[in-house]
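Worksheet: one structure, shown below.
Every number here is computed from the coordinates shown, using simple stated rules; none is lab data. In this text the structure is predicted, and so the values were computed from the model without any measurement. Don't worry about glycine lacking a Cβ; one is built from the backbone with ideal geometry, like all the others, and counts go over all protein chains shown.
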Amino acid sequence: MTVDNGVRVMAGTFVLVSLALGWWVHPAWFLFTTFVGVNLIQSAFTGFCPAASILKKLGFKDASGGGCCCK
């Protein structure tokens, strides 16, 4: 799996889990959903993506010729 795909999987999982926790556990978990969304937006503008950095350290390969904002 590439870093680009890993970032998408990680973000989608975090959003779904935080929505479930916000619905069934406590509404404060919706703040985590907000954090994920803000992080995705800032990475589009700055090119800095903490999730991509973590996945690269875990051994995920860079996309060859892809157009991801997380470089």
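Our estimate of slack between M1 and K57, defined as 0.36 nm per intervening residue step minus the Cα-Cα distance, is 18.8 nm. Here the peptides 40-47, 6-13 are ranked by packing, the mean other Cβ count within 10 Å, and the order with the highest first is 6-13, 40-47. Between the labelled values (1) 4.8; (2) 9.6; (3) 10.5, the entry that holds mean projected area of the Cα convex hull in nm² as derived from this structure is (1).
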